[in-house]
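As structure tokens, the structure follows; a few thoughts come after it.
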């Protein structure tokens, strides 16, 4: 038996993928569970990734004409009830505020008091509360469109939670727009889908498929739901963002009406769309490896960790000032319009351990500097996207000048690797047996044990969709916009005619 | 009787200050009430001010070594109970979550179901939930200090609310730090107080007094509370930010313990500090006038509104492209490291009305451009800090090049005006009769009808503090850090010895 390579994360992906995920999150100090069931603490390193996601997306939203605003955390129960499918979709996961103070109870402890006349739901999403405000704002077609986004926390009570991927409270953005015409709202829905796709690919270095959800997978109350879907390293899909065309459903529920150009009173057409801290879960599951987190440079909280190497106080006194000067020099370098993020790690610990701690955190670049490097004017560079033993020495000034290019090279390499992985595990499958085999792992130990994306024909029946889900835990992730471009065929489950292939996968 | 000058806001400050405030908020489209009792909708123009406040403060926090993180929205009731004074202070204003789903009730509507074993309080502030996490993180003195800030929403149930100033839900930042020594925590508390003061003065153009709160006005559970206090145009004080030295109170309640350098197990020393969307209320009450909002340029969502003037389609076709070119030219200009914010208002409405709409929104600069301006290569400039009839013509290129300087001039003028107002209404008062007279308006109609800041001696007794509050609704806003520098004296209320003057005022 070959000697097993030592990894910084244990278990490895191959050994136990779900546990590997938890250990990556833990050892990178991204997040942790809290004393409140299902609610997580997002630690500074994880939150800084979220800030970068927020800022990058926010720029894209603003560039497409949107502005931010803020609406109440609480939704009166009666508002939620206005749209029947909507409330049905969320009723089972609502945190409900019923009282507005605490007072001493019979046994001395505090108990809820001041019962509310109408319970308030902590927003699971804000269509209904925002709709009530838009109804006040909109009188005439001149008041449209409204193009607003909100950065907020939302709560959906979850019984089984997993850090970032599924938590009771999570952070997200939710866009809510109202339009004069169906076409304009439809175009908005697809514009945002494209924003999400470009963000995922350009910033997260995560290739995604886009398409429409089937009726059964739609957002509760939406006419159409579009999504971006990414492939994780276990070959499961992650729905990474959704953009909903709401038709006039919510406008009717909330009374968003306006006088049209023709003088008629009409209901507005609305959209909503969101991505959440779940994206960080996606980043981890796409890029992290058996040595821990790997953060695409464009979203990294910091870019370069400088690791001073010394074996004595004397060496320390020489190396530290040299490293401080290097840090200052690096901070003068601009990467994508902002100063490089630089960490100078002066902690008093073993050099190897120190280096691995940054590997586990996923910082894109490490530079070790010891007395010999100082003497030679070099640094010893480690790229997070390749093995640790591929570190290389480089003249200091050459390194400093080249960091922005190096980071962009890493960014591209991560995307290319993820794209190759997705392509490798995406297959057109026409036969039921092959379809079953694709989703039935031969070797549970392989990290890529869940098949991947099957591009297969579907007859459009709920029965086949359900059968596939019941038998294989496989769902239709999306119906591509160009479905059928490669021809019609026969449903992989029942053999009846299909207008084109859709994307099947197991999913988170 | 002199003809009353027409104002864009009615009533004026002199006529009805509280109603004037509401009308400024409404006509600037900063915020509005929602269907949820006490919760506001922060509209895009108001939210953009908050984003600028957030970004500027965030830079200052990061420059002083802090990082951001995110902690749960919910606090288990038992956590809140751990610190006796703390829970007593907040018990009356807690929104309480008691159920985690909705189900059909007896009469068909939905009712709360899935009762929680332990009720959850929607955070009114996060000392206890964050403390529980710090207790896990801190083992040794090497784990200290922890310097974390959180941007979040909080809920304090209020019976009487006013937009921005007092709302049930508000947005804020809350810093929570833990330290090895008392001195270090004390220094942190004062460092942040200084950050707040500088932010208020440099960005908000609001002069503030700093000092310590009396025991009765302390944050529930704190050992010492420090604050910044600003004077509004009605001469009342607004507490605009607080920084709390928590001693070891919360560390003991939450079990934040560490092994010291001497090998002893000790409790950490903690601080907490926050400012909220209340600051926007302060901005309005310090700078806005009878024509509406006035936003200091450094916090303005946008800086220049271009108002094309035309009387025919022909003129329109000539003026609009010219204005678009001007907008593009202005957007190339950098103001404090970022591109100028420029609005090109092409709405089809009366030019005067259009101009006033921007005055009411408080944009720092307007530029009108009509056919004659075009022909002459000039623009017609309006500064928000002076009267509308003081607009002036200026060559276009001269204007464009001078905008950053103009904005800084407006910023400085706003601060100087507010400072002069505060100084004018701050008085050393030694006699009880004069003290009473100061806080008893002769003329209720004057905007400055609540006296101002009285610098008076106080014997340190709660009895005198209470008497002054009961008789005059006047409180001790703060005890200056240099109290007594101008000598000791006799308490303005009882005549007993006083170690120095403190600041008295009516307040929001």
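Descriptive notes on the structure:
- Among beta bridges identified by DSSP and lying wholly in segment B:426-505, the antiparallel ones come to about 75 percent.
- FRET efficiency estimate (nearest 0.05) - Cβ-Cβ, residue B:259 to residue A:6, R0 41 angstrom: 0.85
- Label-to-label distance, nm, for residues given as residue B:353 and residue B:118 (7 Å Cα→Cβ offset): 5.9
- Cα-based helix-to-principal-axis angle, A:313-331 vs chain A, degrees rounded to 10: 40
- For the peptide A:62-74, the mean number of other protein chain Cβ atoms found within 10 angstrom of a residue's Cβ is 6.
- Peptide ranges A:116-122, B:344-350 listed from the most packed, as the mean C-beta count within 10 angstrom indicates: A:116-122, B:344-350
- Between identical copies, the spacing of residue B:190 label points, each set 7 Å from Cα toward the C-beta atom, reads 6.4 nm from nearest to farthest.
- Angle between chain A longest axis and helix A:17-27 axis [Cα atoms, degrees, rounded to 10]: 60
- Between residue B:329 and residue B:19, the modelled label-to-label distance comes to 4.6 nm, taking each label 7 Å out from Cα in the direction of the beta carbon.
- Taking the DSSP bridge list for segment B:298-422 and keeping only pairs wholly inside it, about 55 percent are antiparallel.
- Shielding by other protein chains, B:162-171, mean Cβ within 10 Å: 1
- Estimated from helices alone, the mean residue ellipticity of the protein assembly as shown at 222 nm is -10500 deg cm²/dmol (sum of -39500 (n - 2.57) over DSSP H runs with n ≥ 4, per residue).
- DSSP beta bridges fully contained in the protein assembly as shown are about 85 percent antiparallel.
- Reduced Cα scattering model of segment A:344-446, Debye log10 I(q)/I(0), q = 0.18, 0.20, 0.24 Å⁻¹: -0.94, -1.09, -1.35
- Taking all Cα pairs closer than 8 Å and separated by 6 or more residues, the relative contact order of segment B:298-422 comes to 27 percent.
- Radius ratio Rg over Rh of segment A:129-259, counting only Cα atoms, Kirkwood formula for Rh: 0.99
- From most to least packed by mean Cβ count within 10 Å, the peptides B:87-95, A:409-417 give B:87-95, A:409-417.
- The mean sequence separation of alpha-carbon pairs under 8 Å and at least six residues apart, normalised by the residue count of chain B, gives a relative contact order of 15 percent.
- log₁₀ of I(q)/I(0) at q = 0.06 Å⁻¹ - the protein assembly as shown, Debye sum with one point per alpha carbon: -0.51
- Label geometry 7 Å along the beta-carbon vector: residue A:494 inter-copy distances in nm: 8.8
- Mean sequence separation of contacting Cα pairs (under 8 Å, at least six apart), scaled by the length of segment A:426-505, corresponds to a relative contact order of 36 percent.
- Label point of residue B:190 set 7 angstrom out along Cα-Cβ; within segment B:245-286, amide nitrogens under 14 Å from it belong to B:245.
- Helix B:182-202 and the longest principal axis of the C-alpha atoms of chain B enclose an angle of approximately 20°.
- Across identical copies of the chain, residue B:202 has label-point separations of 3.2 nm, listed in ascending order, with the point defined 7 angstrom from Cα along Cα→Cβ.
- FRET efficiency estimate (nearest 0.05) - Cβ-Cβ, residue A:215 to residue B:442, R0 51 angstrom: 0.10
- Calculated FRET efficiency for the pair residue B:397/residue A:317, C-beta based, R₀ 60 Å, to 0.05: 0.60
- Inter-chain neighbour count for B:100-113: the average number of beta-carbon atoms from partner chains within 10 Å of each residue's beta-carbon is 5.
Laboratory data are not the source of any read-out in this text; all were calculated from the coordinates shown. Please read all numbers here as calculations on a predicted model, not as lab measurements. FYI the Cβ positions are ideal-geometry reconstructions off the backbone, even for glycines, and counts take in every protein chain you see.
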